[in-house]
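Enquirer: For reference, the structure I am asking about is given below.
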Ligand SMILES: Nc1ncnc2c1ncn2[C@@H]1O[C@H](COP(=O)(O)OP(=O)(O)O)[C@@H](O)[C@H]1O
Ligand SMILES: [Mg+2]
């Protein structure tokens with residue numbers, strides 16, 4: 001059958017008896033039954049009552065123990081129906097938990113961006129809970145998910161911005177802000193991937209090569225990915241002066257070649273974020289000494305053997321500035337007053353903050369300083385690691401390492 005999720009909310013508060021008996025008879029979700037009853041005007045339901053009901057539901061869902069959506073779960077949900085079931089089962093719970101996470105912030109009601117994010121999540125929770133069971137017809141669910149994906153794009157930049165505000169007002173300190181964002185974003189990665197996976201499975205828009213299933217490509221070619229990033233960024237006027245090249249190597253004894261089972265759409269984002277940082281540092285190094293230096297190349301090395309695929313992004317942009325070195329993995333590093341008022345951070349173009357789609361959307365504020373920590377979170381979720389080596393005055397080497405994902409390793413992921 002189609003997506004269906006077992007109802008377990010509302011036991012603490014039962015706003016009305018009629019819809020519950022309706023629900024039992026039709027096997028519908030109570031919320032959906034309620035909606036149907038309202039439509040047939042047997043029950044007149046005020047918006048206020050519905051809001052109360054949803055608030056109670058959010059409270060209840062947030063008390064459930066939330067199991068993260070593992071990458072293995074996403075791999076295993078390889079039809080639109082099964083991905084849809086996973087979404088209906090897990091997203092309301094995750095959204096409720098995130099709403100409570102927001103409400104734990106001091107004075108959150110005073111920060112408009114936080115209020116916005118909370119409203120976005122509440123709306124999505126409600127839309128999912130009010131979805132009527134359409135059997136095998138996924139149209140409504142697809143519309144609902146598409147709408148969620150669109151509305152949620154602004155969440156990452158809004159939160160990055162809001163944390164800056166909260167720190168400026170002394171409501172939170174850097175450690176708290178970073179930890180709070182970390183918790184929020186770790187949880188968001190999996191649900192964001194799951195909704196994209198569903199969208200691609202359902203639209204059949206997951207690639208023409210035949211090796212793709214949703215977000216997973218069983219023959220993902222990391223060289224291709226890196227070349228695509230270079231082509232894209234070379235056309236960007238901010239970086240077109242920076243020479244960029246890709247070199248790839250396969251270990252001589254490897255049987256598997258360089259292709260691996262992976263998520264090309266995310267690999268592109270990770271590599272792009274790092275190459276943008278490198279290209280930006282390269283340009284900055286040039287600006288600092290225009291008479292002596294032409295832009296040095298950014299080189300991407302791709303190597304593979306039968307166990308792993310590794311990508312190195314190497315630049316000669318002078319290395320990570322001393323005042324940044326301790327805080328590059330901190331989510332709120334660029335958002336405090338001192339940093340955002342320093343000359344270096346006011347000017348840079350806003351689009352150096354990537355993750356524009358599918359992760360964030362609006363480039364509300366230039367350089368939120370969330371690129372590196374977010375890139376590392378995604379890499380870790382994908383079972384890999386990200387390390388940086390900065391050589392003072394010389395440049396940075398960023399290393400991304402992924403194990404090949406196969407049937408045996410899949411259960412240990414995420
Ligand atoms: N390749 C690099 N070379 C020099 N500095 C870098 C490099 N990558 C990152 N940095 C420094 O680390 C900071 C944080 O990077 P990131 O998390 O991507 O945030 P953002 O790009 O939004 O500033 C950058 O602002 C920059 O100062
Ligand atoms: Mg960056």
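We did not get these values from a lab; they are worked out from the coordinates using the rules stated. Please read these numbers as outputs of a predicted model, since none were measured by experiment. Because the Cβ atoms are built from the backbone with ideal geometry, glycine has one as well, and the counts that use them run over all protein chains shown.
Enquirer: Assuming 0.36 nm per residue, please report the length gained on full extension of the stretch residue 325 to residue 89 beyond their Cα-Cα distance.
Expert: 80.8 nm
Enquirer: Take the Cβ-Cβ distance between residue 308 and residue 147 as r, set R0 to 56 Å, and report the resulting FRET efficiency rounded to the nearest 0.05.
Expert: 0.90
Enquirer: So for the pair residue 186, residue 391, with labels modelled 7 Å out along Cα→Cβ, what separation do we get in nm?
Expert: In this crude label model, residue 186 to residue 391 measures out at 3.4 nm.
Enquirer: Now a separate question. For residue 107 and residue 284, calculate 0.36 nm times their separation in residues minus their Cα-Cα distance, and state this gained length in nm to one decimal.
Expert: Once the chain is fully extended between residue 107 and residue 284, it gains 59.9 nm.
Enquirer: With a ≥ b ≥ c the root eigenvalues of the C-alpha gyration tensor of segment 242-330, is it rounded (a/c under 1.5), prolate (a/b larger than b/c) or oblate? Could the numbers behind the result be given before it?
Expert: Details: a/c = 2.67, a/b = 1.85, b/c = 1.44.
It is prolate, given that a/c is not under 1.5 and a/b is the larger ratio.
Enquirer: Under a crude label model (7 Å from the Cα following the beta-carbon direction), how far is residue 140 from residue 401 in nanometres?
Expert: My value for the distance between the label points is 4.9 nm.
Enquirer: Please compute, over every Cα-Cα pair in segment 140-275, the percentage with a separation greater than 20 angstrom. Let's see the in-between values first.
Expert: Values: 5836 of 9180 pairs.
Percentage above 20 Å: 64.
Enquirer: So between residue 52 and residue 247, what do we pick up on full extension, going 0.36 nm a residue minus the alpha carbon distance?
Expert: 64.4 nm
Enquirer: Right, something else. Using per-residue counts of other Cβ atoms within 10 Å, averaged over each peptide, order 319-326, 248-255, 70-77 from highest down. Mind showing how you got there, number by number?
Expert: Values: 319-326: 14.5, 248-255: 12.2, 70-77: 19.2.
Top of the packing list down: 70-77, 319-326, 248-255.
Enquirer: Would you mind putting 292-305, 83-96, 100-113 in packing order, based on average other-beta-carbon counts within 10 Å, highest first? Intermediate results must be reported in sequence, preceding the final value.
Expert: On the way: 292-305: 18.1, 83-96: 22.8, 100-113: 14.9.
Result, highest mean first: 83-96, 292-305, 100-113.
Enquirer: Can you bin segment 17-203 into rounded, prolate or oblate? Criterion: square roots of the alpha carbon gyration tensor eigenvalues sorted a ≥ b ≥ c, rounded for a/c under 1.5, prolate for a/b above b/c, oblate for the rest.
Expert: Here segment 17-203 falls in the oblate category.
Enquirer: Given R₀ = 51 Å, what would the calculated FRET efficiency be for residue 168 paired with residue 255, taking r from the Cβ atoms and rounding to 0.05?
Expert: Values: r = 56 Å, r/R0 = 1.09.
Working from the Cβ atoms, E equals 0.35.
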